[in-house]
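Engineer: I have a structure here, written as C-alpha cells, and I will follow up with some questions on it.
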Amino acid sequence: MSFKEQIQHLPLVQDKVICNRLQKYVDVELTEQEIDDVLYAAKKEKFYKLEQIQKKQQYEEMMNELKRPYSAHELQTFVLKRARKEIFDENHQIVWTDETKMIFEALCYYFTNDIGFESLHERFKTIGHGWKLKKGLLLMGNVGTGKTKIMEMFTCNKRQSYIIKSCTDIASQYASAGSKVKETTAVDVLNMYSGVAPCYNTPVYFLQKELGYCFDDLGTESVKKNFGNQLNVMEDILQNRYKNTMLPYHFTHITTNLTADEIEQTYGFRVRDRMREMFNVIEFTGTSLRK
C-alpha cells in the first residue's frame, strides 16, 4: 500500500490536523539516496534499542544467577574450577586423602546451607558430631594437612564469603598501629577484626555486602605490646566476636595447629569453652602432606 493510500485509510478518529499535515507531503518524492539514508538511520536506531534490551536481559540473568543458591554439587564444581585457576600451582596441591575428601564434602554442604537435602536432615550434621550450620568452622590438625588450602577454596561462596587473615599479621598490625600520624590505631585494629569486612556488591563475592573472617594459624601469633599496652590480640578479638550478638557465628572461622588443651593454655578456659559454642570442630588427624 502506498503512502497516499495509507493516509486515505486512516481511521476517522485520527486528528484531522495530523491528516492535513500528512496530506501536504504526499507528492513529495525522495531520491534513492535519501530513502537509503532514512532506512539506515531507522535501522541504526532500532539496532541500538534491541542491543540495550538484550544487555538488560543479560544483566538481569546474571544478577539472578548470582543470587540463586548453589546446591552442594554446584558448589563443588565451582570451587574445584576456581581452585585450579586461582589457588593451586604445580608446586602446591592438596593431596586428597579419604579424610580430606570427607571434609571437603562436608564443607560443600556447609557453604550451601544443605540446599536440597532437607529430607536427609542436613548431611552436614550427620557427618560430624555436634556439627550445626549456625556455627563457624574450626579446623584443627598438624602442620601441612591442608587446612588453610581447603579454606582458601571456599572463600567465595553464595552462603557467606569470607577473607582469610593470618593471626601473625593481625598481631603485628596491632603492635605497629598508631606509629604514624593519622595511621590506624590499635583500637581500630581490634574493632576491624571484631566485626565484618565490608563488601561492595562485587560479583566475585556474589553481591554480598558483608564478609566474614577466617583467622589462619591461630596460636602462631605472640602477645604484643602497643605503646606499652600488652595484649593477647586474638584472645580479645575472639571474645569480642563472641559477645557481638549482631554477628552470627558463621561469620567466623579458624585454622590452627594447636590442640584443644593448647588453646586453653594459650587463651584461657573461657575462650576454649566459648569456642565450643561458636565452632564446628573439624579435626585433621593425619601427618603433613607437603612434599
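Engineer: In nm, what is the difference between 0.36 nm times the number of residues separating LYS85 and GLU210 and their Cα-Cα distance? Working shown, then result.
Structural biologist: On the way: separation 125, 0.36 × 125 = 45.00 nm, distance 2.48 nm.
Full extension from LYS85 to GLU210 adds 42.5 nm.
Engineer: With all protein chains present, how much of the accessible area of segment 142-207 (probe radius 1.4 Å) comes from carbon and sulfur, to the nearest whole percent?
Structural biologist: It is 56 percent, rounded to a whole number.
Engineer: List the residues of segment 133-150 whose backbone N lies under 16 Å from a point placed 7 Å from the Cα of THR287 along the Cα-to-Cβ direction.
Structural biologist: 142-146
Engineer: Normalising by the residue count of segment 22-164, find the relative contact order in percent from Cα pairs under 8 Å and 6+ residues apart. Please list the in-between numbers first.
Structural biologist: Working: 75 pairs, mean separation 36.2, N = 143.
Once normalised by length, the contact order is 25 percent.
Engineer: DSSP loop trypsin sites (Lys or Arg not before Pro) in segment 245-274 with at most 15 other Cβ atoms within 10 Å of their Cβ, which ones?
Structural biologist: For trypsin sites (Lys or Arg not before Pro) across segment 245-274 that sit outside H, G, I, E and B with at most 15 neighbouring Cβ atoms in 10 Å, the list is empty.
Engineer: Hey, rough spin-label estimate for VAL187 and LYS132, points 7 angstrom out along Cα→Cβ, what's it come to in nanometres?
Structural biologist: 3.4
Engineer: Which of the peptides 248-259, 98-109, 41-52 is most tightly packed, and how do the rest follow, going by the mean number of other Cβ atoms within 10 Å of each residue?
Structural biologist: The packing order, highest mean first, is 248-259, 98-109, 41-52.
Engineer: At 7 Å along the Cα-to-beta-carbon direction for both LYS67 and PHE269, put a label point, then send me their distance in nm to one decimal.
Structural biologist: Modelled inter-label distance: 5.0 nm.
Engineer: Using 7 Å Cα-to-Cβ label points, what is the GLU105/ASP36 separation (nm, one decimal)?
Structural biologist: Each label point lies 7 Å from its Cα, and together they span 6.9 nm.
Engineer: Expected output is a single nm value to one decimal: the length gained when fully extending between THR77 and ASN142, i.e. 0.36 nm times separation in residues minus the C-alpha distance. What is it? Can you show the working numbers first?
Structural biologist: Values: separation 65, 0.36 × 65 = 23.40 nm, distance 2.77 nm.
Stretched out fully, the THR77 to ASN142 stretch lengthens by 20.6 nm.
The values are calculated or read from the model by the stated rules, or taken from the named source; none is laboratory data. Just so we're clear, the structure is a prediction, and the values are computed from it rather than from any experiment. Cβ coordinates were reconstructed from backbone atoms using ideal geometry, including for glycine residues, and neighbour counts include every protein chain displayed. Accessible surface areas use protein heavy atoms only, side chains included; no ligands, DNA or RNA. Shrake-Rupley method; radii C 1.70, N 1.55, O 1.52, S 1.80 Å.
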